[in-house]
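The values are calculated or read from the model by the stated rules, or taken from the named source; none is laboratory data. Computed from a predicted structure; not experimentally measured. Cβ coordinates were reconstructed from backbone atoms using ideal geometry, including for glycine residues, and neighbour counts include every protein chain displayed. For accessibility, only protein heavy atoms count, side chains too; no ligands or nucleic acids. Shrake-Rupley method; radii C 1.70, N 1.55, O 1.52, S 1.80 Å.
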Amino acid sequence: MFFLFKIGQIMYTNICNLFMRITRMLHKTLFCSLFMISGIALELQGADSNAATQQPQAPNCGEDLRSMRGNIRHKEANGVGYNQGYTTLDAFFSPNDPLNDKWVPFLDLRGHIFNNGKPAANGGVGMRYISSSRVWGINTYYDYRKTTHKQYNQLALGLESLGEIWDFRINGYLPLGTTRSSYFRGPRFYQFKDNFMILTRTREIAFKSVDAEIGAHVNSCNNLPFYFAAGPYYLRGHGKTAWGGRLRATVDFFNHIKLEGNVSYDNLFKWVGQGQMSLVIPFTKMERWQKNKECCNTQWRLRDRSLQRVDRSEIIPTQHKRKNTRAIDPTTGRPYTFWFVNNTSQSNGTFKSPFHTLVDAQNASAPNDVIYVFTGDGTSKGMDVGITLKDNQKLFGAGIVQTLPTTLGLMNIPVRACWTSLRFK
């Protein structure tokens, strides 16, 4: 009960935020287009209704509940390329009757608000063709997402083949414009490697992607139909790639409430599990949903498939990418060279294998280098012979924070307590 209450609370908050954003954006083109196209769709529906009065009426199988409808849904929690749940308001518009009994155009609009208040949206159009045994479709979408660091946009193209039982679909997504943010974290000290100090910076990147899916309808003539689907997906962006697979299942309660669960895995985002609840809101007169034997035939099923939601990835996937570079001496334009000393080691002066004595480091070093001394065993062994620093050399100890000028600014080398207990080869 507590979980359902929490989900309801999140949905209420997100829906309120989404309504406020929509209200502020009514003057923009997207929503103007919505009203214009919905008016055209209603006009078509009225024309179809007038034409229908001149022909024998077929059994009312509830198509009017599906051709023009809205949805309120909520998905938890994180997904592929995002780490928040989100709430969605969407609207689907299509003529009540197919054009020439075959062609089904549609408009699909979706607005999302993440739990952290960030928005996303999708606007798409498509056409489906009802053949004797399957429905064939093509669609194109414009997707938008705002994150903490940047706004992203992308175009998508989808192809569908929908049947009485089996569905097949493939979607491609191509980000537009700049697909990575400015660096929002760093530069800062990351690690020592060999004889160098490594700095790191972090930025956000958006992925282009492709996904495919095969799905199966089970008990589609019942008031509790099930749907199962599975398929691969591929992500790529700025040197990062991921191959993965997704499995999902849905159950539709009397065509008004839908529950969905999905699980995915890839080498980048690993295991991801999500749950979703949807409430369908018809835009036309509410009538009893009927699925009787007279309605449940091939023609009815294909018509039902032609009006189903386009299944696609509606959130632009992003991830943080780290960029590591060597610390550069601003006076020479070359990377700093570090010579490490630890009296528990008997090796070659690298971070993992420091010199045993200060004299060894001094002999190996050159002007502008840095000699970095670890605590070692806490005695003066190997440290009790005096040395003379060369031009612009620095002598640092690991026991305090050290500051070093670089071409990216002043960098602090933090105190690492674990360094005092390292045992070197």
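Residue pairs exceeding 24 angstrom between C-alpha atoms, taken from K75/K102; K323/K390; K75/K323; K75/K321; K150/K240: K75/K102; K323/K390; K75/K323; K75/K321.
Across q = 0.22 Å⁻¹, region 292-344 modelled as identical point scatterers on its alpha-carbon atoms has Debye log10 I(q)/I(0) values of -0.97, in the order of the q list. Sorting W103, W300, W166 by accessible area puts them as W166, W103, W300; the probe is 1.4 Å, largest comes first, and only protein heavy atoms count.
Ligands, DNA and RNA aside, Y142 has an accessible area near 100 Å² when probed at 1.4 Å. Sorting W339, W136 on solvent-accessible area from highest to lowest, probe radius 1.4 Å, gives W136, W339. Full extension of the chain between L408 and I281 gives 40.2 nm of extra length, using 0.36 nm per residue less the Cα-Cα distance.
By the scheme Lys and Arg +1, Asp and Glu -1, what is the net charge of all other residues having a beta-carbon under 10 Å from that of Y152? The answer is +2.
The slack in the chain from N363 to T379, taken as 0.36 nm per residue of separation less the alpha-carbon distance, amounts to 3.6 nm.
With a cut-off of 9 Å between beta carbons, the residues surrounding K321 carry a summed charge of +4, where Lys and Arg count +1 and Asp and Glu -1. Measuring r between the beta carbons of N78 and L389 and using R0 = 45 Å, the FRET efficiency lands at 0.30.
The calculated FRET efficiency for the pair N222 and N153, based on their C-beta separation and a Förster distance of 41 Å, comes to about 0.50. Each peptide in 187-200, 399-412, 72-85 gets a packing score, the mean of other Cβ atoms within 10 Å over its residues, and the list from highest to lowest is 72-85, 187-200, 399-412. Taking 7 Å steps out from each Cα toward its Cβ at T331 and I165 produces label points 7.9 nm apart.
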